[in-house]
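To keep things clear, I will list the structure first and then write my remarks on it.
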Amino acid sequence: MLSIRNLHASADGKSILKGINLEIAAGEIHAIMGPNGSGKSTLSHVLAGRDGYEITEGEVIFDGESLLEKKPEARAQAGVFLAFQYPVELPGVNNVYFLKAALNAIRKSRGEDPLDAMDFMKLAREKAKLVEMDGDLLKRSVNTGFSGGEKKRNEIFQMAVLEPKLCILDETDSGLDIDALATVSKGVNALRDPGRSMLIITHYQRLLDYIVPDVVHVLVDGKIAKTGTKELAKELEANGYAEFQGKSAS
Amino acid sequence: MTSTEQIQERLEQEYEAGFVTDVEQEFAPPGLSEDIIRFISDKKNEPEWLLDYRLKSYRQWLKMETPEWAKVKFPEIDYQASSYYAAPKEGPKSLDEVDPEILETFEKLGIPLHERAALAGVAVDAVFDSVSVATTFKGKLGEMGVIFCSFSEAVVEHPELIKKYLGSVVPSTDNFFAALNAAVFTDGSFVYIPKGVRCPMELSTYFRINAANTGQFERTLIIADEGSHVSYLEGCTAPMRDENQLHAAVVELVAHKDAEIKYSTVQNWYPGNKDGLGGIFNFVTKRGICEGANSKISWTQVETGSAITWKYPSCILKGDNSVGEFFSVAISNNYQQADTGTKMIHLGKNTRSTIISKGITAGHGQQTYRGQVRIGKNASGSRNYTQCDSLLLGDSCGAHTIPYIEVKNRSSTVEHEATTSKIGEDQLFYCRQRGLSEEDAVNLIVNGFCKQVLKQLPMEFAVEAQKLLEVSLEGAVG
Ligand SMILES: Nc1ncnc2c1ncn2[C@@H]1O[C@H](COP(=O)(O)OP(=O)(O)O)[C@@H](O)[C@H]1O
Ligand SMILES: [Mg+2]
């Protein structure tokens with residue numbers, strides 16, 4: 001489904017990603033762990049097409065097509081979804097209205113008819129229940145005045161409604177207390193599907209107790225330093241990243 | 001195509017109302033003089049006192065200077081170069097006699113004038129250059145005692161009301177453009193709502209500039225008698241031309257005891273092209289007086305057009321417990337300049353005013369919010385709340401906020417909040433990551449930003465105003 005080959009990226013002349021190779025098959029869940037500043041968010045931004053990064057080498061193939069030339073909206077329409085580390089506030093823009101516009105833009109790109117308000121509301125309520133999102137949040141402006149946890153939950157709610165093929169979750173666990181972590185994870189697990197891949201970015205192992213990955217990668221200084229099973233995450237939790245940081249510096 | 005090129009393409013989008021209607025028109029010869037004023041007054045069969053009023057205003061105007069305090073730049077206007085009267089030949093007697101070309105013009109602008117086709121619940125006065133060509137639903141309104149007609153007609157049919165109220169809120173000496181208007185005004189609307197009547201329909205006037213080398217001098221007067229209620233809306237468009245055209249209007253509102261006037265504007269005069277060539281110079285004096293206790297005047301404006309906007313719809317809160325409101329969205333794109341805001345003059349006790357101003361600038365646009373809040377010595381227990389937000393799209397535009405606040409008693413409070421923000425890269429990326437195009441993302445963010453104001457518009461016009469914001473700004477990010 002996703003194949004990242006020798007990806008190098010820089011921002012403001014600073015080299016951040018330094019040759020990433022990653023293969024994610026359909027239905028797989030991969031986790032990327034790494035210390036702060038190792039390039040985790042940069043990788044998610046580059047995959048989603050955010051401005052401000054220069055791709056100096058490498059390529060990304062998604063669903064058989066080259067991804068990096070596409071505009072962000074075209075990537076989203078092709079099925080790439082990024083749950084933001086810092087979800088953005090859109091004052092005055094109704095949450096339901098926003099999501100309906102997004103879903104219908106995606107449907108349109110696929111030649112499907114738009115959902116009308118009634119059908120959309122039905123879908124939205126169903127998905128809100130799935131991620132246990134408070135119905136009140138649906139009526140408010142997108143993320144405006146939401147607590148940290150509510151914002152993260154809203155991301156997963158959007159993901160549930162848009163049903164992407166590739167879900168990239170950037171530190172979805174940060175800012176969540178243990179109960180919220182459990183419900184958000186439940187929502188994510190409910191979206192596990194043989195046709196859907198996930199790339200879970202996290203700093204801590206605890207999220208991976210809830211969303212159990214097939215593969216774990218350690219990202220250090222813009223490179224994948226080690227790849228393993230979920231046991232690798234446990235080791236990291238115990239030993240920290242020091243071992244890898246030393247290695248990459250040499 | 002780079003995103004900058006795409007943005008450029010969107011910005012170069014045509015102004016939809018920019019066409020010219022080919023009708024035979026009659027003009028006053030170019031220039032301004034006492035003779036021209038006599039010509040206009042004569043065309044309108046005006047009584048002697050009104051001609052005197054015009055001439056007196058003209059003589060005062062000659063002694064006045066163009067105000068220079070506003071933050072707008074424009075070449076000196078040659079007042080002798082354009083014509084002060086343009087009207088389709090053969091003034092119609094009834095709707096059936098209106099030139100089909102003119103009916104079609106309004107139809108194209110989304111204002112069907114035949115009552116069977118008209119928007120339900122909206123009566124329209126259609127002003128084409130210097131004259132009103134049709135007013136709909138006059139009969140139906142008349143049954144309730146509501147007078148809704150062209151200003152010219154009111155002068156003939158209701159001279160006592162005109163004589164009593166004309167210039168009572170905006171005296172002809174008020175300012176340079178108000179004096180000019182008082183001398184040469186041509187048409188506009190007149191509204192009178194009798195005591196205790198809730199006007200059953202939205203009233204609206206649609207102003208169309210069609211002729212070249214003319215100015216339009218609109219005059220509107222709305223009187224809400226005790227305990228009455230009216231909601232009025234005006235819309236404006238003009239053809240695309242390389243020359244600037246002047247629109248200098250005066251609007252006066254009078255709300256008596258317990259009365260309420262809601263006045264909404266959707267201003268879409270031709271804004272000029274992307275290089276700043278052409279466009280309407282919109283110099284407007286709008287003021288309402290809350291004459292009686294518990295009265296209310298509410299201004300809502302959506303200003304997307306004009307090369308220059310100079311406009312400060314104001315409220316004089318004279319009656320005790322009276323309320324003034326000003327809700328504004330103004331967009332300045334390309335080389336548009338807007339200096340707009342309001343004045344809230346609190347004279348009565350426990351008077352309240354609210355100001356919500358949303359300014360959006362893009363391209364090389366320049367915009368100033370200029371607002372005055374004055375709470376007089378006797379206006380004890382009064383309150384004002386001002387919120388003034390600017391949204392910048394791009395790096396070449398500018399937004400400025402100039403509040404003047406004066407409070408002369410201790411029991412009153414004034415609250416002022418102002419923010420300036422750039423449309424966020426992160427907001428745009430967030431929307432696009434969810435599948436929305438860049439244009440849709442900008443529209444969504446701008447509409448969200450303006451929501452507080454847009455929701456004040458009568459429902460019939462809210463959608464239109466929203467669309468207008470979209471065409472005015474589509475893709476204006478960089
Ligand atoms: N736009 C940018 N310009 C310059 N440096 C950047 C930019 N974005 C990120 N960086 C730097 O790149 C490194 C990786 O950042 P990031 O991808 O956010 O790391 P992580 O998500 O792993 O904490 C950091 O050192 C950060 O300061
Ligand atoms: Mg990060």
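The values are calculated or read from the model by the stated rules, or taken from the named source; none is laboratory data. Because the structure is a prediction, the values reported are computed rather than measured. With ideal geometry, Cβ positions are generated from the backbone for all residues, glycine too; neighbour counts draw on all protein chains shown. Areas reflect the complete protein model, heavy atoms only, side chains present, ligands, DNA and RNA absent. Shrake-Rupley method; radii C 1.70, N 1.55, O 1.52, S 1.80 Å.
When A:PRO35 is evaluated against the numbered criteria (1) away from ligand 2 (no atom under 16 Å from the Cβ); (2) over 22 Å from A:ASN6 (Cβ atoms), which criterion, by number, is the only one it fails?
All conditions are met except number (1).
For A:GLU112, work out the one condition from (1) within 21 Å of A:MET33 (Cβ to Cβ); (2) within 14 Å of another protein chain (Cβ to nearest Cβ); (3) part of a loop (DSSP other than H, G, I, E, B) it doesn't fulfil.
Among (1) within 21 Å of A:MET33 (Cβ to Cβ); (2) within 14 Å of another protein chain (Cβ to nearest Cβ); (3) part of a loop (DSSP other than H, G, I, E, B), the lone unmet condition for A:GLU112 is (1).
Just checking, how many residues over the stretch B:156-204 are assigned to a loop (DSSP other than H, G, I, E, B), within 17 Å of the chain's Cα centre (by Cα) and hydroxyl-bearing (Ser, Thr, Tyr)?
Qualifying residue count for the region: 1.
Assess whether B:GLN456 counts as being assigned to a strand (DSSP E or B), of a type in the set (S, T, N, Q), closer than 27 Å to B:GLY305 by Cα and more than 10 Å from chain A (Cβ to nearest Cβ). Spell out how you get there, then give the answer.
Details: assigned to a strand (DSSP E or B): no; of a type in the set (S, T, N, Q): yes; closer than 27 Å to B:GLY305 by Cα: yes; more than 10 Å from chain A (Cβ to nearest Cβ): yes.
For B:GLN456, the condition - assigned to a strand (DSSP E or B), of a type in the set (S, T, N, Q), closer than 27 Å to B:GLY305 by Cα and more than 10 Å from chain A (Cβ to nearest Cβ) - is not met.
Given the options A:ILE211, A:ILE224, name the one that is within 13 Å of ligand 1 (Cβ to nearest atom) and of a type in the set (A, V, I, L, M, F, W, C).
Working: A:ILE211 fails: within 13 Å of ligand 1 (Cβ to nearest atom).
Only one candidate qualifies: A:ILE224.
If you take the residues of the stretch A:150-164 that are among the charged types (D, E, K, R) and within 13 Å of chain B (Cβ to nearest Cβ), which of them is most open to solvent (accessible area, probe 1.4 Å)?
Here is the first cut: in the stretch A:150-164, the residues among the charged types (D, E, K, R) are A:150-153, A:155, A:163.
Checking the rest, the ones that are also within 13 Å of chain B (Cβ to nearest Cβ) come to A:151, A:155, A:163.
On the way: A:LYS151: 38, A:GLU155: 2, A:GLU163: 99 Å².
Result: A:GLU163.
Tally up the residues in the stretch A:47-67 that are open to solvent by less than 10 Å² (accessible area, probe 1.4 Å) and within 16 Å of ligand 2 (Cβ to nearest atom), please.
The total comes to 2.
Can you report the number of residues in the stretch B:403-431 which are surrounded by 18 or more Cβ atoms within 10 Å (Cβ to Cβ) and of a type in the set (Phe, Trp, Tyr)? Lay out the reasoning, then the answer.
Residues of the stretch B:403-431 surrounded by 18 or more Cβ atoms within 10 Å (Cβ to Cβ): B:407, B:412, B:414, B:423, B:427-431.
Now restrict to residues that are of a type in the set (Phe, Trp, Tyr): B:429-430.
The qualifying residues number 2.
Those residues that are facing chain A (nearest Cβ under 7 Å) and either closer than 17 Å to B:ALA399 by Cβ or assigned to a helix (DSSP H, G or I) (or both), I need them from the stretch B:426-446; list them, please. Let's see the steps before the verdict.
Looking only at the stretch B:426-446, we keep the residues that are facing chain A (nearest Cβ under 7 Å), and these are B:426-427, B:429-430, B:432-437, B:440, B:444-445.
Across the stretch B:426-446, the qualifying residues are B:ASP426, B:GLN427, B:PHE429, B:TYR430, B:ARG432, B:GLN433, B:ASP440, B:LEU444, B:ILE445.
Away from chain B (no Cβ under 14 Å), more than 16 Å from ligand 2 (Cβ to nearest atom) and either over 25 Å from A:GLU23 (Cα atoms) or surrounded by fewer than 20 Cβ atoms within 10 Å (Cβ to Cβ) (or both), is that true of A:LYS139?
Values: away from chain B (no Cβ under 14 Å): no; more than 16 Å from ligand 2 (Cβ to nearest atom): yes; either over 25 Å from A:GLU23 (Cα atoms) or surrounded by fewer than 20 Cβ atoms within 10 Å (Cβ to Cβ) (or both): yes.
No.
Quick check: anything in the stretch A:15-33 more than 24 Å from A:LEU236 (Cβ to Cβ), surrounded by fewer than 18 Cβ atoms within 10 Å (Cβ to Cβ), more than 10 Å from chain B (Cβ to nearest Cβ) and more than 18 Å from the chain's Cα centre (by Cα)?
Just the residues of the stretch A:15-33 that are more than 24 Å from A:LEU236 (Cβ to Cβ), to begin with: A:15, A:26-27.
Imposing the further condition that a residue be surrounded by fewer than 18 Cβ atoms within 10 Å (Cβ to Cβ) reduces the set to A:15, A:26-27.
Checking which are more than 10 Å from chain B (Cβ to nearest Cβ) leaves us with A:15, A:26-27.
Now narrow it down to the ones that are more than 18 Å from the chain's Cα centre (by Cα): A:15.
Looking through the stretch A:15-33, at least one residue is more than 24 Å from A:LEU236 (Cβ to Cβ), surrounded by fewer than 18 Cβ atoms within 10 Å (Cβ to Cβ), more than 10 Å from chain B (Cβ to nearest Cβ) and more than 18 Å from the chain's Cα centre (by Cα).
For A:GLY64, indicate whether it is closer than 28 Å to A:LYS40 by Cβ, more than 9 Å from every other protein chain (Cβ to nearest Cβ) and free of Cβ contacts under 8 Å to residues at least 24 places away in the same chain. Spell out the reasoning first.
Numbers: closer than 28 Å to A:LYS40 by Cβ: yes; more than 9 Å from every other protein chain (Cβ to nearest Cβ): yes; free of Cβ contacts under 8 Å to residues at least 24 places away in the same chain: yes.
Taking the combined requirement at face value, the residue satisfies it.
Could you look through the stretch B:28-44, keep only residues that are on the phi < 0 side of the Ramachandran plot, surrounded by fewer than 20 Cβ atoms within 10 Å (Cβ to Cβ) and assigned to a loop (DSSP other than H, G, I, E, B), and pick out the one that is modelled with the highest pLDDT?
For the stretch B:28-44, the residue satisfying everything is B:SER33.
Is there a residue being more than 14 Å from chain A (Cβ to nearest Cβ), under 29 Å from B:ARG352 (Cβ atoms) and in contact with a Leu (Cβ under 6 Å, 6 or more places away or on another chain) anywhere in the stretch B:463-476?
yes
Do we find a residue being among the polar types (S, T, N, Q), within 19 Å of the chain's Cα centre (by Cα) and modelled with pLDDT under 90 anywhere in the stretch A:169-188?
Looking only at the stretch A:169-188, we keep the residues that are among the polar types (S, T, N, Q), and these are A:172, A:174, A:183, A:185.
In the following step, the residues that additionally are within 19 Å of the chain's Cα centre (by Cα) were identified as A:172, A:174, A:183, A:185.
Applying the additional criterion that residues be modelled with pLDDT under 90 yields A:174, A:183.
Checking the stretch A:169-188: at least one residue is among the polar types (S, T, N, Q), within 19 Å of the chain's Cα centre (by Cα) and modelled with pLDDT under 90.
For residues in the stretch B:76-90 being small (Gly, Ala, Ser) and closer than 17 Å to B:SER41 by Cα, which is surrounded by the fewest Cβ atoms within 10 Å (Cβ to Cβ)?
Only one residue fits best here, namely B:SER83.
Working carefully through the options B:TYR335, B:TYR385, find the one that is over 12 Å from B:HIS400 (Cα atoms), part of a loop (DSSP other than H, G, I, E, B) and either of a type outside the set (S, T, N, Q) or at pLDDT below 95 (or both). Step through it out loud before you land on a result.
On the way: B:TYR385 fails: part of a loop (DSSP other than H, G, I, E, B).
B:TYR335 is the lone residue from the list that is over 12 Å from B:HIS400 (Cα atoms), part of a loop (DSSP other than H, G, I, E, B) and either of a type outside the set (S, T, N, Q) or at pLDDT below 95 (or both).
Which members of the stretch A:165-188 meet the condition of being surrounded by fewer than 20 Cβ atoms within 10 Å (Cβ to Cβ), within 16 Å of ligand 2 (Cβ to nearest atom) and touching a residue at least 60 places away in the same chain (Cβ under 8 Å)?
Hit for the stretch A:165-188 is A:SER174, nothing else.
Go through the stretch A:67-93 and give me each residue that's within 8 Å of chain B (Cβ to nearest Cβ) and of a type in the set (S, T, N, Q).
A:GLN77
Answer yes or no as to whether B:ASP275 is open to solvent by 10 Å² or more (accessible area, probe 1.4 Å), of a type in the set (Asp, Glu) and within 30 Å of B:SER57 (Cα to Cα). It would help to see each step written out before you state the result.
Details: open to solvent by 10 Å² or more (accessible area, probe 1.4 Å): yes; of a type in the set (Asp, Glu): yes; within 30 Å of B:SER57 (Cα to Cα): no.
Against the criterion (open to solvent by 10 Å² or more (accessible area, probe 1.4 Å), of a type in the set (Asp, Glu) and within 30 Å of B:SER57 (Cα to Cα)), B:ASP275 does not qualify.
So, in the stretch B:405-425, how many residues would count as being away from every other protein chain (no Cβ under 14 Å) and assigned to a loop (DSSP other than H, G, I, E, B)?
5
Given the conditions (1) out of contact with any Phe, Trp or Tyr (no Cβ under 6 Å at 6 or more places or on another chain); (2) within 16 Å of ligand 2 (Cβ to nearest atom), which single one is not true for A:VAL88?
Looking at each condition in turn, A:VAL88 falls short on (1).
Looking at A:ALA78, A:ALA105, A:ALA74, which one is in contact (Cβ under 8 Å) with a residue 60 or more places away in the chain and either closer than 24 Å to B:ASN443 by Cβ or open to solvent by 40 Å² or more (accessible area, probe 1.4 Å) (or both)?
Working: A:ALA105 fails: in contact (Cβ under 8 Å) with a residue 60 or more places away in the chain; A:ALA74 fails: in contact (Cβ under 8 Å) with a residue 60 or more places away in the chain.
A:ALA78 is the lone residue from the list that is in contact (Cβ under 8 Å) with a residue 60 or more places away in the chain and either closer than 24 Å to B:ASN443 by Cβ or open to solvent by 40 Å² or more (accessible area, probe 1.4 Å) (or both).
Kindly indicate whether any position in the stretch B:342-355 is touching a Phe, Trp or Tyr at 6+ places or on another chain (Cβ under 8 Å), within 24 Å of B:GLY398 (Cα to Cα) and either in contact (Cβ under 8 Å) with a residue 60 or more places away in the chain or assigned to a loop (DSSP other than H, G, I, E, B) (or both).
So the first thing to find is which residues in the stretch B:342-355 are touching a Phe, Trp or Tyr at 6+ places or on another chain (Cβ under 8 Å), and the list is B:342-344, B:353-355.
Checking the rest, the ones that are also within 24 Å of B:GLY398 (Cα to Cα) come to B:342-343, B:355.
Those still in the list that are either in contact (Cβ under 8 Å) with a residue 60 or more places away in the chain or assigned to a loop (DSSP other than H, G, I, E, B) (or both) too: none.
No, the stretch B:342-355 contains no residue that is touching a Phe, Trp or Tyr at 6+ places or on another chain (Cβ under 8 Å), within 24 Å of B:GLY398 (Cα to Cα) and either in contact (Cβ under 8 Å) with a residue 60 or more places away in the chain or assigned to a loop (DSSP other than H, G, I, E, B) (or both).
Within the stretch A:195-208, how many residues turn out to be within 15 Å of ligand 1 (Cβ to nearest atom) and surrounded by fewer than 22 Cβ atoms within 10 Å (Cβ to Cβ)? Give the derivation first.
First pass over the stretch A:195-208, keeping only residues within 15 Å of ligand 1 (Cβ to nearest atom): A:199-204, A:207.
When the remaining residues are screened for being surrounded by fewer than 22 Cβ atoms within 10 Å (Cβ to Cβ), the result is A:203-204.
Selection size over the stretch A:195-208: 2.
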